[in-house]
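Working notes for the structure below.
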Amino acid sequence: MKAPMTETPKLPDAETIRNLEAAAFRRLLQHLRDRPEVQNIDLMNLAGFCRNCLSNWMEDAARDQGVPLDRNGARSHVYGMPYEEWKARHQKEASAEQQAAFASRDPGH
């Protein structure tokens, strides 16, 4: 028996999609800022990206669009404070298990 065809949902226009994506990104940033106990190495080991990745992607997007935003500026935006301050307040030493899991991941990351 053939499965019934389902209709592909109609998406909003490109500008609305961009606005929705921007809102979702802002919510993700706030979510991460509200949970500083979640370490970047845990994010990397579980999801393959971390706060630093987000800031690097933001820096890349800025460069691609000719917007003056350096790595420190992007990190400050993602972390909600200067990166060094966040590290001093929240970053913990990675355990041997965390480091081993990270080392077993794709070496390109």
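The values are calculated or read from the model by the stated rules, or taken from the named source; none is laboratory data. Predicted model, so just to flag it, every value in this text is computed and none were measured. Because the Cβ atoms are built from the backbone with ideal geometry, glycine has one as well, and the counts that use them run over all protein chains shown.
Just checking, which of Ala101, Ala23, Ala88, Ala3 is over 19 Å from the mean Cα position of the chain (by Cα) and at pLDDT 95 or above? Let's see the steps before the verdict.
On the way: Ala101 fails: at pLDDT 95 or above; Ala23 fails: over 19 Å from the mean Cα position of the chain (by Cα); Ala3 fails: at pLDDT 95 or above.
Selected residue: Ala88, the only one of Ala101, Ala23, Ala88, Ala3 that is over 19 Å from the mean Cα position of the chain (by Cα) and at pLDDT 95 or above.
State yes or no: is Tyr79 surrounded by 13 or more Cβ atoms within 10 Å (Cβ to Cβ), touching a residue at least 40 places away in the same chain (Cβ under 8 Å), touching a Lys or Arg at 6+ places or on another chain (Cβ under 8 Å) and among the hydroxyl-bearing types (Ser, Thr, Tyr)? Don't jump to the end; show me each part of the working.
Details: surrounded by 13 or more Cβ atoms within 10 Å (Cβ to Cβ): yes; touching a residue at least 40 places away in the same chain (Cβ under 8 Å): yes; touching a Lys or Arg at 6+ places or on another chain (Cβ under 8 Å): yes; among the hydroxyl-bearing types (Ser, Thr, Tyr): yes.
Answer is yes for this residue.
Ser104 is checked against (1) surrounded by 10 or more Cβ atoms within 10 Å (Cβ to Cβ); (2) farther than 20 Å from Glu21 by Cβ and fails just one. What number does that condition carry?
Here Ser104 clears every test but (1).
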